[in-house]
Structure formats: structure tokens, C-alpha cells
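K.L.:
This structure is in C-alpha cells; I'll ask about it shortly.
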Amino acid sequence: MLRVRDLTISYGGEPVLERAELAVEDGRFVSLVGPSGSGKSSLLRAVIGLQRPLAGTVESGLGHSDIGILFQDDALLPWKTARDNVALGLVFHGSERRRALAQASLWLDRLGLGGLADRYPRHLSGGQRKRVALAQVLALTPKLLLMDEPFASLDAIVRARIIQEVAALVEREGISVLLVTHDLEEAISLSDTVYLLSRGPRARIIHEYSVTIPRPRDPVRARTHPAFAALYDKLWSDLSREVDDAGSPKAVA
Ligand SMILES: Nc1ncnc2c1ncn2[C@@H]1O[C@H](COP(=O)(O)OP(=O)(O)OP(=O)(O)O)[C@@H](O)[C@H]1O
Ligand SMILES: [Mg+2]
């Protein structure tokens, strides 16, 4: 579905991300974790052609309309309501307007925003805007879904429900996913494969972990599976090593 080969991204001088290799097989859920500034968002931008790499290739064989992307900062149009924002993508992809609005309402309902469909983005909280942006991309049922910290800024309960909703949808529809997250629990409980980046600059993919928790899988219940704890410990210590080497913020005495 997606193959990134030997990808190097540089902003002017030194590469931020170097020689990245990763693959998202058909219908697989893949996560990318790594220290802040290691080039995760840059990699996603390169995948959709918004960022020209210094070297390397991205192969997907997909058209633009097959790829859904949820950026780290939501990009809702401020002069359109939540419903109109969600409908916009559908209309853009050829849906008739009335049908698009009905679909948009349905997606907002699913993400717990049914009562807020007529609000403008500035009248929504950060987490609510994030959910509108998520509705916008899910409504298009892309073949490949790229998400950059989509569940950040949600409270614990809403977050768990949204994650379950998204996991069920991608399993049901066979959507392939590349998720960027700082949350190791989220990465493990949702994924088939987790990639770990070293700290930047010149960040590299330093580990690839397979998640053996069986599917179909409820990501909340997956946390109690024995394979979860073992992998969590490993990922935690591998990631801590990367962050500690960089000199993490000192505790205030
Ligand atoms: N347009 C740009 N011009 C110059 N430098 C940039 C640009 N975009 C990102 N960078 C730098 O490239 C590095 C990687 O940025 P990127 O946003 O890809 O990191 P990230 O892994 O997504 O971080 P975070 O986890 O904080 O979101 C950072 O050091 C950042 O400052
Ligand atoms: Mg980022």
C-alpha cells in the first residue's frame, strides 16, 4: 500500500530525517513514534508530496483521493460550520451537496459532536476541532489514512471511545493506516507494526516492532493482553534511551 525507501529530508542544511525505510502493507495499521523533532510530520508531508525529499522514494500506487490525511494542526475553514467543513471534502470528491451534508452529520454524530454541527471552529474546543477534522477525513473512507497525533487533546474517556470507533472502522473497511503518535499505549494497542525513530537531527528508524495481539482487536481491551506489557516495556526503554541521550529537561529541585 505504501513503501518509503531511503528517504532523507533536509531543510536547507543538515538532514532532519535520514534514510528512512518503512512499509504499510495492505490493510495494516502502522505507527511511527519518536522524540519531538525527529521528522515524523515531515515524513507524512513527504508521503503526500507536500515535502520534497532530498533523496529517496515514496511508492503507493494510489491517487490523491485514495489518501486521507489528518495534519497535526487541524486545518478547518474558520468561515464554515463543523458540518460544512466535513461535507466539503465529500463535495470535493464528487458527492452531491445534500447527500454530503447528511453524511457529514452522521460522522459528527459518530464522533460525539452531533449537537455541535452548526458551530464554527472558533466556538469549539481544541479537542472538538480535532474530532471535526477526524470526521472530515474518515467520511472520505480513504484506502490509506495518514494521521498525525489525531487523538491528542481529548479527555481520557472520549479518547478511548474515539480510538475504538476508528479502530473498528479501519478493521471493517480494511483501511491501511500510518499513525504518528507520542502515546506508546495508543501505538501498541492499535498497530500491527510500530516503528521507532531516533532523535534528530539525522533521525533514523532504529527499531521495527511487530505487535502480536490478535485481531479483531478492541484497542482498549488490548492493553490487558500479555504481549502488550512486554512490548510497552521494550518500547519505553528504547525511547527513553533516545530522549535521555539528548539531555532531557531537568527536574526542578
Ligand atoms: N519548514 C521547515 N523549515 C525548517 N525546519 C523545519 C521545517 N519543518 C520542520 N522543521 C524542523 O525539522 C525537524 C523535524 O520536524 P517535524 O515537524 O517533522 O518533527 P516531528 O517529529 O513531527 O516533531 P513533533 O513530535 O514535535 O511533532 C525539527 O527540528 C523542525 O524544527
Ligand atoms: Mg510533528
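K.L.:
Would you mind stating whether PHE92 is at pLDDT below 95, of a type in the set (Phe, Trp, Tyr) and either away from ligand 1 (no atom under 16 Å from the Cβ) or over 25 Å from ASP183 (Cα atoms) (or both)?
P.N.:
Against the criterion (at pLDDT below 95, of a type in the set (Phe, Trp, Tyr) and either away from ligand 1 (no atom under 16 Å from the Cβ) or over 25 Å from ASP183 (Cα atoms) (or both)), PHE92 qualifies.
The rows are residues; the columns are (1) away from ligand 2 (no atom under 16 Å from the Cβ); (2) not in a helix (DSSP H, G or I).
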residue	(1), (2)
ASP109	yes, no
THR141	yes, yes
LEU154	yes, yes
LEU179	no, yes
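K.L.:
Further, regarding this structure: What are the residues in the range 138-157 that are away from ligand 1 (no atom under 16 Å from the Cβ) and farther than 23 Å from SER95 by Cβ, if any?
P.N.:
LEU154, ASP155, ALA156, ILE157
K.L.:
While we're here: Would you confirm, using the coordinates I've provided, whether GLN72 is modelled with pLDDT under 95, over 21 Å from GLY127 (Cα atoms), touching a strand residue (DSSP E or B) at 6+ places or on another chain (Cβ under 8 Å) and within 12 Å of ligand 1 (Cβ to nearest atom)?
P.N.:
no
K.L.:
Being closer than 21 Å to ARG3 by Cβ, small (Gly, Ala, Ser) and either crowded, with 22+ Cβ neighbours inside 10 Å or at pLDDT 95 or above (or both) is the filter here; which residues of the range 148-197 pass it?
P.N.:
SER176, ALA187, SER191
K.L.:
Please tell me if ALA55 is outside the structural domain of GLN128 (by TED's automatic domain parsing), over 21 Å from the mean Cα position of the chain (by Cα) and over 27 Å from ASP244 (Cα atoms).
P.N.:
Considered against the rule, which asks whether it is outside the structural domain of GLN128 (by TED's automatic domain parsing), over 21 Å from the mean Cα position of the chain (by Cα) and over 27 Å from ASP244 (Cα atoms), ALA55 comes out as yes.
K.L.:
Still on this model: Quick one: which strands (runs of 3 or more DSSP E) lie wholly within the range 18-101 and hold at least 3 residues that are within 16 Å of ligand 2 (Cβ to nearest atom) and touching a residue at least 60 places away in the same chain (Cβ under 8 Å)?
P.N.:
29-33
K.L.:
Further, regarding this structure: For the range 205-236, give me each residue that is more than 24 Å from VAL166 (Cα to Cα) and touching a Leu at 6+ places or on another chain (Cβ under 7 Å).
P.N.:
Matches in the range 205-236: ILE205, ILE206, HIS207, TRP236.
K.L.:
Could you tell me which residue of the range 1-14 is farthest from ARG217 (Cα to Cα), considering only residues that are surrounded by 20 or more Cβ atoms within 10 Å (Cβ to Cβ) and of a type outside the set (Val, Ile, Thr)?
P.N.:
By that ranking, first place goes to LEU7.
K.L.:
Pick out the one residue from SER198, SER189 that is farther than 16 Å from GLY68 by Cβ, assigned by TED's automatic domain parsing to the domain that holds PHE29 and in contact (Cβ under 8 Å) with a residue 60 or more places away in the chain.
P.N.:
Only one candidate qualifies: SER198.
The values are calculated or read from the model by the stated rules, or taken from the named source; none is laboratory data. None of the values given here were measured: they were computed from a predicted structure. Note that each Cβ is placed from the backbone with ideal geometry, even for glycine, and that neighbours are counted across all protein chains shown.
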